[in-house]
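In what follows, a structure is listed as structure tokens, so that the remarks can point back to it.
The values are calculated or read from the model by the stated rules, or taken from the named source; none is laboratory data. As the structure is a computational prediction, the values presented were derived from the model and not from experiment. Cβ sites come from the backbone with ideal geometry, for glycine too, and all protein chains shown count toward neighbours. Heads up: the accessible areas ignore ligands, DNA and RNA and are worked out on the full protein's heavy atoms, side chains in. Shrake-Rupley method; radii C 1.70, N 1.55, O 1.52, S 1.80 Å.
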Amino acid sequence: MRAINSLLAQDHRGPIEIHLLVKDEHDTAIPLMQKSFPNVDFSLSTEQLCQVTTDSERSVFVAYVGVDPKSDKVNWIASRTKAHYTAILDADHQAHSQWLRSSICLLQQHKARIVQGRRQPISARGFFQLWDSLHQHIGCELFNTAFTRLGLNVFFTGTTVVMETELLQSHPFSSCITEDTDFSYDIFLHG
């Protein structure tokens, strides 16, 4: 819910369509969604999309994609969207209120096709939060900060990114365990 609420609070002036990608109605996120949106029926129907909100500027959907791997979920939505830009925010993260606006501005100003967002830890209490913080927020960010200072491209880390949708559609995620690294190499090698 923290991730979804941070997307609903974006200061981007255009419409935002948010898709929570889950395997099925048994996902652990569904009880949280039911608590936050008590008037919505989240039971799996014949449709794969469950519309949560009706606001045309900030739409929220739950997408029952039928698969577990993140790569398959992202490929599923990328093949169905017609939006010019796609943003990926892992559900265990939250976005700064300027994330979408500032990323789209950077894409347009630098004629870039992808912008990797910076991340900061929310909480490092507990073993898994500490492990995630050490690996993602110190390890990956340390390299990406050094690469940025050297004027080099940074690696796509898959957690907070905005890109042209066509880039993701023409280079779908592979089914390897490090789909973000594989995607980085793929887009680097293709210019």
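Tabulated results
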{"item": "T53, sole failed condition from (1) crowded, with 17+ Cβ neighbours inside 10 Å; (2) touching a Leu at 6+ places or on another chain (Cβ under 9 Å)", "result": "(1)"}
{"item": "Strands (runs of 3 or more DSSP E) within segment 1-112 that include 2 or more residues within 13 Å of V162 (Cβ to Cβ)", "result": "85-89"}
{"item": "Matching entry among A63, A29, A95, A91 (being of a type in the set (A, V, I, L, M), open to solvent by 30 Å² or more (accessible area, probe 1.4 Å) and within 23 Å of T157 (Cα to Cα))", "result": "A91"}
{"item": "Those residues of segment 99-113 which are surrounded by 16 or more Cβ atoms within 10 Å (Cβ to Cβ) and of a type in the set (A, V, I, L, M, F, W, C), in sequence order", "result": "W99, L100, I104, L107"}
{"item": "Hey, K35 closer than 27 Å to T178 by Cα and of a type in the set (D, E, K, R) or not", "result": "no"}
